[in-house]
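Enquirer: Sending over a structure as structure tokens; questions will come in a sec.
Derivation of every value follows stated rules applied to the coordinates shown; laboratory data play no part. As the structure is a prediction and not an experimental result, all values here were calculated from the model. Virtual Cβ from ideal backbone geometry, glycine too; neighbours counted across all protein chains shown.
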Amino acid sequence: MSAGDEELAKDLGPLAALTIGVGTMIGAGIFVLPGTAIEQAGVFAIVSFVLGGAIALLTAFSASELGTAMPRSGGAYFYVNRALGPLFGSIAGWANWLGLAFASAFYMVGFGQYIVAIVGETVRIAAFGVTLTFPLSVTAVALVGGAFFVFVNYVGAKETGKLQNVIVIILVAILTVFTVVGALRADPANLPPRAGFGPTLTTTGIIFVSYLGFVQITSVAEEIKDPGRNLPRAIIGSVVLVTGIYALVLITMAAAVEQGFIAEQQTLGNIAVVEVARLILGPAGAVAMLAGGLLATASSANASILASSRINFAMGRDEILSPEINRVHPRYGTPYRAIAITGALILAFILFGEVNQLASLGSFLHLVIYGLLNIALLVMREADVEEYEPDYTVPLYPVVPILGTILSFALIAYINPTVRLLGAGLIVAAVVWYFGYARSRTTAEGVLSEYVMAREDTLPDPVVSAATSVQPDGGDYRVMVPLANPETETDLITLASMIAKRRGGTVDAMHVITVPDQTSLQYAKDHLDEFEEDYHAVLDDARRDAETYGVDVETHTVISHRGYAEIFDAARTHEADLVVMGWDPAEHGGSGRLESRGAELGADLPCDFLALRNRGFDPEHVLLPTAGGPESDLSAELASILREEYDAEVTLLHVSDDEDTGVAFLDDWATDHGLSDVNLRVETGDTKTAIQRAADDCSMVILGATERGLISRIVDSSDVMEVVDEVGCSVVLAERPTERSLRQRLFG
């Protein structure tokens with residue numbers, strides 16, 4: 001079944017998209033923070049929420065334009081990294097990740113407050129005539145709740161879109177009833193005194209956590225009908241609607257009860273919004289508000305933990321974090337390492353953080369992100385990037401993004417000094433991380449750096465020097481090509497050169513000449529013509545073919561007794577990042593993997609490998625079967641390069657027992673790997689048969705190496721090998737080094 005035929009990816013209309021936007025924001029903030037806001041800012045608490053909404057709205061305009069131009073997983077991190085480069089990408093990525101962790105901790109503390117408000121500070125359990133009494137604290141409940149939601153994400157359970165819609169409707173209904181009934185008894189005389197300018201802005205810094213998440217709507221841009229129009233409506237409309245709801249709730253709280261009531265409840269440690277609901281709606285109102293608070297805090301925490309794994313994935317893909325953090329659980333199919341690390345951070349923040357401090361840290365880090373996001377828009381516009389073609393453009397450009405930048409950064413100055421110090425320390429740590437770890441690994445430059453370096457002769461020297469000093473230095477990306485057969489040399493060099501060109505790297509063409517064990521290598525070196533006539537011709541051709549792509553090329557001849565096995569040692573010696581080689585399954589490696597069976601048990605691959613079973617190099621229509629995993633990640637990278645170089649038509653195939661589950665997996669996987677606009681095909685039944693059937697219409701198949709264990713493959717040949725043997729087109733086998741225990745190597 002082709003997902004494109006059923007158009008499942010375009011089923012979100014404007015109302016559904018708006019609901020997603022509202023659902024990302026209406027959460028714990030409005031159920032936990034209004035009491036604090038009114039206590040600190042008085043009647044100007046309303047101004048704090050409106051000002052927070054205005055800053056969010058300015059960023060929403062910029063996010064809308066960037067989202068229609070670059071719908072990619074990672075959201076704000078991706079936009080900042082693409083526009084400003086990996087230094088600022090590191091800052092945005094860490095700020096987004098830790099900001100969500102602080103926000104999740106805040107949500108869970110709010111969750112604990114609501115549970116304690118419902119249950120009380122002690123729990124009594126009676127059984128067999130014995131009554132046991134346990135103390136119940138907000139922190140303990142928050143820790144248990146946080147651990148539960150981390151576990152839920154670890155094993156892969158998540159709320160469905162329908163459930164999220166129901167939660168949003170319930171929350172809006174509760175707040176609407178609260179506002180309408182409260183307005184009937186509102187008295188302007190009840191409004192508390194207004195605070196000064198400083199306290200109002202300080203309060204805005206605390207409550208800004210209530211506006212987090214609207215940028216995440218951009219991650220579903222490909223699922224929205226007419227995204228050029230409806231995506232901006234969803235992002236901007238959700239911010240406007242939520243700001244209005246927040247303002248009305250604050251007015252009701254401030255005017256419906258006598259002055260001093262909210263301050264008294266805060267002093268007593270009660271949840272102010274619940275106590276106001278109890279006063280104006282009775283016990284039923286308090287119960288409804290408690291239920292809403294539980295839903296809001298739980299939903300917000302779960303959504304934040306889920307979003308964090310997307311950010312980890314995007315950072316790992318760009319080598320700002322180790323890709324190992326994105327390792328997918330073999331059973332649950334989740335990025336379990338990223339979730340576990342995030343979960344540990346959340347639990348630590350709950351244990352050592354105070355509720356206002358957690359909210360302020362979440363706000364601080366997201367204000368940094370939103371400021372950078374507005375700058376990213378300015379850079380993309382002013383650099384006039386050729387492929388930057390947004391369907392929606394920011395009104396009043398450049399006033400809106402400039403104002404969004406200034407206000408986002410300016411509000412930071414009014415956040416609690418201790419929080420500012422902690423937040424600044426985290427930003428400095430992200431910079432140190434970039435120079436100490438990421439800079440030597442990542443290779444992609446930002447648009448800003450490219451813009452400056454293209455004009456280095458006309459721009460001031462300090463500007464050029466600054467851009468040069470922070471450029472990524474991922475080293476010389478080296479693509480090794482072992483050559484033996486002149487008939488396949490051109491296609492292998494073409495594939496290797498194309499990848500090296502995209503990575504700004506070098507092609508290392510290696511000719512392996514195998515001599516008998518009885519012959520000394522020194523003799524073979526002195527008499528190469530006896531073992532292979534015109535042995536240098538294949539390397540001469542390789543150099544000529546590679547240079548047509550404008551890439552640097554190195555050539556060398558290796559004389560060995562071992563032939564195929566020498567390739568792996570040479571890759572280690574020359575520190576290759578990728579090996580592109582010809583592949584004869586009858587001669588090379590174990591069944592379904594590239595290493596020999598003995599080598600497979602003893603060591604990991606030295607680098608990424610692409611092995612071409614050549615039946616004519618034709619990337620016009622590429623089939624990429626995937627079930628997830630590191631090999632599929634490598635396959636996706638190759639497919640993206642083939643699209644860029646040859647305008648290849650790519651079809652993703654996933655075989656699943658359940659069609660709906662398969663469509664959901666493939667759609668998420670495609671989005672995460674930057675392939676959201678390719679053909680999607682989901683089939684049920686036998687994997688081998690499905691691949692063979694799909695390959696009939698393709699000119700090239702990219703397969704990931706099998707993850708089955710060695711013993712299983714000895715007993716029964718792998719599907720990979722049967723596909724390679726039976727399809728009529730060229731096949732590329734992709735294999736990425738992975739850490740596997742001896743048990744995994746044997747049994748899978």
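Enquirer: Going by average Cβ neighbours within 10 Å, how do the peptides 395-403, 491-499, 243-251 rank, with the highest at the top?
Expert: Ranked by mean Cβ neighbours within 10 Å, highest first: 491-499, 243-251, 395-403.
Enquirer: Now a separate question. If you count, for each residue, the other Cβ atoms within 10 Å and average over each peptide, how do 501-511, 453-463 line up from highest to lowest?
Expert: Packing order, densest peptide first, comes out as 501-511, 453-463.
Enquirer: List 433, 669 from most exposed to least, where exposure is judged by having the fewest other Cβ atoms within 10 Å.
Expert: 433, 669
Enquirer: What is the stretch 331-450's relative contact order, in percent, from Cα pairs under 8 angstrom and six or more apart in sequence?
Expert: It comes to 34 percent, rounded to a whole number.
Enquirer: Amide H to amide H, which residues 5 or more places from residue 44 or on other chains are under 5 Å from it, using H placed in the peptide plane?
Expert: 195
Enquirer: A further question on this structure: On the Cα set of the stretch 7-436, report Rg and Dmax in Å, please.
Expert: Cα-based Rg and Dmax for the stretch 7-436 come out at 21.2, 77 Å.
Enquirer: Moving on. Across the stretch 258-267, in residue order, what do the Karplus-derived ³J(HN,Hα) couplings come to in whole Hz, using 6.51 cos²θ - 1.76 cosθ + 1.60 with θ = phi - 60° and x for Gly and Pro?
Expert: With the stated coefficients, the stretch 258-267 comes to 5, 4, x, 5, 5, 4, 4, 5, 4, 5 Hz.
Enquirer: If you build the Cα gyration tensor of the stretch 614-675 and take the root of 5 times each eigenvalue, what three semi-axes come out, in whole angstrom, biggest first?
Expert: 22, 12, 10
Enquirer: So for the stretch 7-436, averaging the separation of alpha carbon pairs under 8 Å that are six or more residues apart and normalising by length, what relative contact order in percent results?
Expert: Reported as a whole number, the value is 36 percent.
Enquirer: Using Cβ counts within 10 Å as a stand-in for footprinting exposure, how do 478, 327, 82 rank, fewest first?
Expert: The order, fewest Cβ neighbours first, is 327, 478, 82.
Enquirer: Here's another thing I want to ask about it. Just to confirm the filter: which GluC sites (Glu not before Pro) across the stretch 291-371 are DSSP coil and have at most 15 other Cβ within 10 angstrom of their Cβ?
Expert: Here the sparse-neighbourhood loop sites are 354.
Enquirer: Tell me, 656, 48, 300 in order of fewest to most beta-carbon neighbours within 10 Å?
Expert: Placing the least packed residue first, the sequence is 656, 48, 300.
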